[in-house]
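This report refers to the structure that appears directly beneath it.
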């Protein structure tokens, strides 16, 4: 089947976001509501069992309601019979973007709390996700972590369907010991996987990841939870319980886990651990005088928390913290540190302010300026890739990818829309060049690629409609030309015909 010409009634398909073993995901606009969506489409028609599971996933997702669970909008079938699932488009990337980095502890806890809340809803329905890993945790533009990809989630009562055949599902680097050993699973297996993620966010590494599958599985079964460095000692108990080898020694469910996470985010941590995690490569350290001043301010703030029990004391300290976070956000924005490094960027600090004061105008304005800067940077990248003729490749580093990323943030952005039109025109030119070289298959590929970008482009649609006729005409012209050239030669080689021509002419 040719997914280059994918047609979904009611949706305008912009391009493919990714491909898995049995399905592909496309970025599209739901025309009735003019909103960007991610559309997951089955690859095959002949696997009824997988199709049934796909539909079950859609219905299951539709029954789960939580801010950190991906929202499903629609499930239906394409004209060719394949099922598709339309869900919210999450443009903020996945948790894998932090691989190898350490997050500020409160930011790591914020992400884990949101996913734990989502899992509490999943587990309350009698389900287990089975594949908690960074690639399945995506972000909205406002920084909310969202749990996705419930393709292998199963009713706990039906768990033996896989385990009785020793089929291990999930990702080895984040699998619980019982999952790695193909045993029956419950909610505590997801808690273990989430614990591995928390450990990775705090330390920057996953110690269970081995050189191969067997080593990774063995590490999960035998390796004790690692000791955290000195500055992270407050989180050791949490890590030990989430990563206990025996499920009975872990948190009994995600609601108990959420209580412990909340305790760690009480005022003592929330107000005394303000500075970002230490970064070895962090440039432009503040002056010693300024550092002493800030240390004095927060020392006094800590003292105030101890001696002032009234709401007024709390309010003063809160205002001081918000002012400091806003200053850090503006600094990082001026330095161009919009989304990186993790836990020490403009987006992080502005969102921290909104977490403390959801109606803060300065943080909201900061995020608007941050988005404008991201759009400008991404448009510059898109225009550069267009100039380099990197139209659709390499994946996630091409002109179309960057233009569509901008449209995900600002669907009416004129520069991005014009850029996609330029890409379509470039494919028109490339196809005409291919026709000139008589490379007809290549010409059609360019036309199809252009229609992925601009499905309604009249020039490309006409080229597609006229393709077969142009090929036949070109071949006929070639045959006629060949015959015309061969006729004089034949006459020259026939001496009798040559004699009679001279006699009567």
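Taken together, the values in this text are just the output of simple stated rules run on the coordinates, not laboratory data. Here the structure is a predicted model, which means the values were calculated and not measured. Note that we place each Cβ from the backbone using ideal geometry, even for glycine, and neighbour counts take in every protein chain shown.
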message = Between residue 99 and residue 442, how high is the FRET efficiency from 1/(1 + (r/R0)^6) when r is the Cβ-Cβ distance and R₀ = 45 Å? Nearest 0.05.
response = 0.75
inquiry  = Taking 0.36 nm per residue of sequence separation and subtracting the Cα-Cα distance, how much length would be gained by fully extending the chain between residue 182 and residue 80, in nm to one decimal?
reply    = 33.0 nm
message = Can I get the semi-axes of segment 95-265's equivalent ellipsoid? Compute them from the C-alpha gyration tensor as square roots of 5 times the eigenvalues, in angstrom, largest first.
response = 23, 19, 15
Footprinting exposure proxy for 98, 213 (fewest neighbouring C-beta atoms within 10 Å first) = 213, 98
note = Quick calc, residue 125 & residue 358: beta-carbon distance into FRET formula, R0 25 Å, rounding 0.05, result 0.30
request  = Pull out the extension gain between residue 236 and residue 331, defined as 0.36 nm times the separation in residues minus the alpha carbon to alpha carbon distance; nm, one decimal.
outcome  = 30.9 nm
ask   = Using the Cα gyration tensor of segment 3-88, with a ≥ b ≥ c the square roots of its eigenvalues, what is the shape: rounded (a/c below 1.5), prolate (a/b larger than b/c) or oblate (neither)?
value = oblate
ask   = Kirkwood hydrodynamic radius for segment 376-486: how many Å is it when counted over pairs of different Cα atoms?
value = 15.2
ask   = How far apart, in nm, are two points set 7 Å out from the Cα along the Cα-to-Cβ line at residue 414 and at residue 319?
value = 4.3
Relative frequency of Cα-Cα separations exceeding 23 Å in segment 306-452, percent = 54
query = Fully extended, how many nm does the chain gain between residue 222 and residue 380 (0.36 nm per residue separation, minus their Cα-Cα distance)?
reply = 51.9 nm
request  = Counting other beta carbons within 10 Å of each Cβ, put 223, 87 in order, fewest first.
outcome  = 223, 87
task = State the Cα centre-to-centre distance between segment 372-442 and segment 199-230 in whole Å.
result = 41
key: Model label zone, residue 65; criterion: amide N under 19 Å from point 7 Å along Cα-to-beta-carbon; scope segment 83-114   = 87-88
